[in-house]
1. Using a 1.4 angstrom probe on the protein heavy atoms only, could you order Thr391, Thr466 from most to least accessible area?
2. Using a Förster distance of 30 Å, how high is the FRET efficiency between Lys487 and Ser366, based on the Cβ-Cβ distance and rounded to 0.05?
3. Through the Karplus equation 6.51 cos²θ - 1.76 cosθ + 1.60, θ set to phi - 60°, convert the phi angles of the stretch 13-20 into ³J(HN,Hα) values in whole Hz; use x for Gly and Pro.
4. Quick one: Karplus J couplings for the stretch 355-365, per residue in order, coefficients 6.51, -1.76, 1.60, θ = phi - 60°, nearest Hz, x for Gly and Pro?
5. Quick one: angle between helix 140-155 and the longest Cα principal axis of the chain, in degrees between 0 and 90, rounded to 10, please.
6. About the Cα centre, and with charges only on the beta carbon of Lys, Arg (+1) and Asp, Glu (-1), how big is the dipole of the stretch 9-159? Nearest 20 debye, please.
7. Would you mind calculating the relative contact order of the chain from Cα pairs under 8 angstrom and at least 6 residues apart, reporting the percent as a whole number?
8. For every helix of n ≥ 4 consecutive DSSP H residues, a contribution of -39,500 (n - 2.57) applies; sum these over the chain, divide by its total residues, and give [θ] at 222 nm rounded to the nearest 500 deg cm²/dmol.
Amino acid sequence: MQELKAKIRESLAAVLPVTAIVMLLCITITPMPTGTLMLFLMGAFLLIVGMGLFTLGADMAMMPIGEKVGIQLTKSKRMGIIALSCFIIGVIITIAEPDLTVLAAQTPGVPDMIIILSVAAGVGVFLVVAFFRNLFGWNLSRILLICYILVFVLAIFVPENFIAVAFDSGGVTTGPMTVPFIMALGIGLSAVGRNKSTGGDENFGLIALCSIGPILSVMILGLVYQADGGTYTAVSIPDINSTRDLWMQFQDSFAGYAIEVATALLPILAFFFVFQIAFLRLRRKQILKILVGVLYTFAGLTLFLTGVNVGFMPAGSFLGSEMAGLSFNWILIPLGMVLGFFLVKAEPAVAVLNKQVEDISGGVISQKLMMTGLSIGMSISVGLAMIRVLTGISIFWFLVPGYAIALGLSFVVPRIFTSIAFDSGGVASGPMTATFLLPFAMGACEAVGGNILTDAFGVVAMVAMTPLIIIQLIGLAYKFKTAAQRKKPPVAEIADEEILDLSKED
């Protein structure tokens, strides 16, 4: 119970700043209908409780399951079986990802399931690549360089409407369901790697590679699939006339999201029980703890998704539309940056990543340092996304130089910072981005008469890109600081030299 209270306090501290900013906007430049505001506040409450339950459940169940499955896979001598298992895990966990469902539902012109299956296949293939990277000690920077060159070459031939969606799919794939499991799987798989002198970077990088797969697969889909030119449906703002109407909005959605989360968790649980019966044979007490953790995860994610979809999505769309309609709509840029700075703190998978980074790095890369870097990166990315919405500038003017800088830095910073940076890019673009920032950008884009698919889509891609640069810049600063400290003689040596000099004077 104490652990749950601590997790809820952490989620309260993460959600309150965003809530306060929205409240301030409501009483100043963008007055919000009372019903929409009440939806948002109720959603914020569900976010706080849900995020607390989810992070506790991830610690108790998702992380142990992923790690134990990873360790067991490394014990097999059959590379084909391991590769097939990694592919199946990647497909199952991706289809289960709620963020992907949100993005697919908001993508006009392509059936939801076609988008979801394409992305799932991409994740499955690159999870296999991630395994072989651990097995043979492949350099992550070189793999990323080759893959992103391929991405940008393919982008030349892909229809424009698919570009932003492809990059966004890479971001939303690594959400609250995927991240804890895949990160823990990475810890387990790292035991098989040949290169053990990498300073812990073999524990990271799986999310980075799993973010590339969806980009490539959706681009390939764009080359072979003829979209039907569907129309974008704006986020509806429900009429709330009473507290009963308010409650009914959430009550009608609870069952749907509960089924969605249960459908996501059941394949993972089934996969675990197969391993338990065939290989693991854990004690009853360990299994019971994992099952309790799964229940926490189920309850937490259900509350979280209901809160963000029912409460935050209409509020985000309304705020974006109202701000863009102002005579001084340039205010979208600074206010978007402020929202982005605090919004990333409410991403459930961010807390999981930051804790694991601190644990594996032995405290050298603290949770506070990671959160500061991610907040700055998120702030910059939302600001750039709002510039795109207002001006219609092509996303390539931001992604090409951004990824060029990120990939260039990967060859000069310590390897662990590169692995963490590319992982954090995927983690930062979670459900809060998909259900608040994306509708925020869509509402603003619609208000200024822009193209939703080319100007609003892409905000997730921007959010996924900037942390790659910020976290690696932190790594570069750490490298210079460490080098400077090594050049300084120890205090004891300085003292001895001073004593020697004094004795000579005597």
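The values are calculated or read from the model by the stated rules, or taken from the named source; none is laboratory data. Predicted model only: the values in this text are computed from it and were never measured. As a convention, Cβ positions derive from the backbone with ideal geometry for all residues, glycine included, and neighbour counts pool all protein chains shown. Heavy atoms of the whole protein, side chains included, go into the accessibility calculation; ligands, DNA and RNA do not. Shrake-Rupley method; radii C 1.70, N 1.55, O 1.52, S 1.80 Å.
1. Details: Thr391 85, Thr466 10 Å².
Largest accessible area first, the residues go Thr391, Thr466.
2. Details: r = 25 Å, r/R0 = 0.82.
E(calc), rounded to 0.05, equals 0.75.
3. Values per residue, Gly and Pro as x: 5, 7, 8, 4, x, 5, 4, 5 Hz.
4. 5, 5, 4, 5, 5, 6, 7, x, x, 4, 10
5. 30
6. On the way: 7 positive and 6 negative charges, 128 e Å.
Roughly 620 debye for the stretch 9-159.
7. Relative contact order comes out at 24 percent.
8. Working: 21 runs with 372 residues, N = 506.
Only helices count here, giving -25000 deg cm²/dmol.
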